[in-house]
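Following: one structure in structure tokens, then a few remarks.
None of the figures in this text is laboratory data; all of them are computed from the coordinates on show. Only a predicted model underlies this, so the values are computations on that prediction, with no experimental measurement involved. Note that each Cβ is placed from the backbone with ideal geometry, even for glycine, and that neighbours are counted across all protein chains shown.
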Amino acid sequence: MKDIAVIGTGDFASIVYQILRKHEKNVVCFCVDDEYLSDDNTSFWDIPVIGRSELIKKYTPDTTELVAGFIGSPMFDIRQKKCDEYKALGYSFANVIDTDVSYAAQIGEGNVIMQNVSLGFDTHIGDGNIIWPGVVFPHNNYIGDYNNIAPTASLSGYAKVGSHCYIGNNAIIKNRITVNDYTFVGAGAYIRHDTVSGTTIVPPRSYELDRPDTRL
């Protein structure tokens, strides 16, 4: 089993690290671009923080897998760009998985799949996705690359998500619907038609009403 180097030192890196620690993975360092190294940024969770140039010298692709500990907005192009740079150097990206994936037909690399995600029969997951707690893929779902799917979003059977999409909290995607690339789906939206790439879809907004009596 290879050692793990986590790219990034922000909040998402902390989340990823806690999952890795839970599953007893050996995290040897956190890594940042050389220009972000400083005297105030030498360790993270009591693990050394090193620059990219030191990572390349000290931890080779033969001994070390990487984990993308950053989200990389907007629409996760930065996440893919950074991952592609390291892949060009020969590194691979480990999946960080904290749920049962035994029914999944395919899971690519570099995904973060958190607790209580439901991956049903014949679900296909691409590369570099972030799938937050409570997301539901019931069966025959296809997820592309570098998507961010927020907590408790739910796809129905045969629904598909392209690449570089954001699916908000509690969003629902109807069965056999395709959410095409670079679609932004707001929290609570209901998607009942295929989307056009680059579309932003939000539900009707909530209103604050005056209530003369403050008691319920």
Run through segment 115-202 and list the trypsin sites (Lys or Arg not before Pro) located in a DSSP loop whose Cβ has at most 15 other Cβ atoms within 10 Å. Lys174, Arg176, Arg192
Tilt of helix 11-22 relative to the longest C-alpha principal axis of the chain, in degrees (0 to 90, nearest 10)? 70
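For a quick check of your reading of the filter: which GluC sites (Glu not before Pro) in segment 1-105 sit in a DSSP loop and have no more than 11 other Cβ atoms within 10 Å? It would help to have the intermediate numbers written out before the result.
Working: sites: Glu24, Glu35, Glu54, Glu65, Glu85; in loops: Glu24.
Taking segment 1-105 and a limit of 11 other Cβ atoms within 10 Å, the loop GluC sites (Glu not before Pro) found are Glu24.
May I ask you to sort Phe12, Phe30, Phe121, Phe184 by Cβ crowding, counting other Cβ atoms within 10 Å and putting the fewest first?
Least to most surrounded, the residues fall as Phe121, Phe12, Phe184, Phe30.
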Once the dipole of segment 1-113 is set up from charges on Cβ (+1 Lys and Arg, -1 Asp and Glu), the residue from the list Ile107, Pro61, Ile4 lying farthest towards its positive end is Ile107
With +1 on the Cβ of every Lys and Arg and -1 on the Cβ of every Asp and Glu, the dipole magnitude of segment 3-88 about its Cα centre, in debye rounded to the nearest 20, is 300
Radius of gyration, Dmax [segment 1-100; alpha carbons; angstrom]: 12.7, 41
Rounded to 10°, Cα long-axis angle of helix 77-88 versus longest principal axis of the chain: 30
Helical contribution to [θ] at 222 nm, DSSP H n ≥ 4, -39,500 (n - 2.57), averaged over the chain, rounded to 500: -4500 deg cm²/dmol
In nm, spacing of pseudo-spin labels at Asp100 and Tyr158 (7 Å Cα→C-beta vector): 2.6
Be a star and scan segment 73-114 for residues whose amide nitrogen sits under 20 Å from the point 7 Å along the Cα-to-Cβ vector of Asp34. 82-91
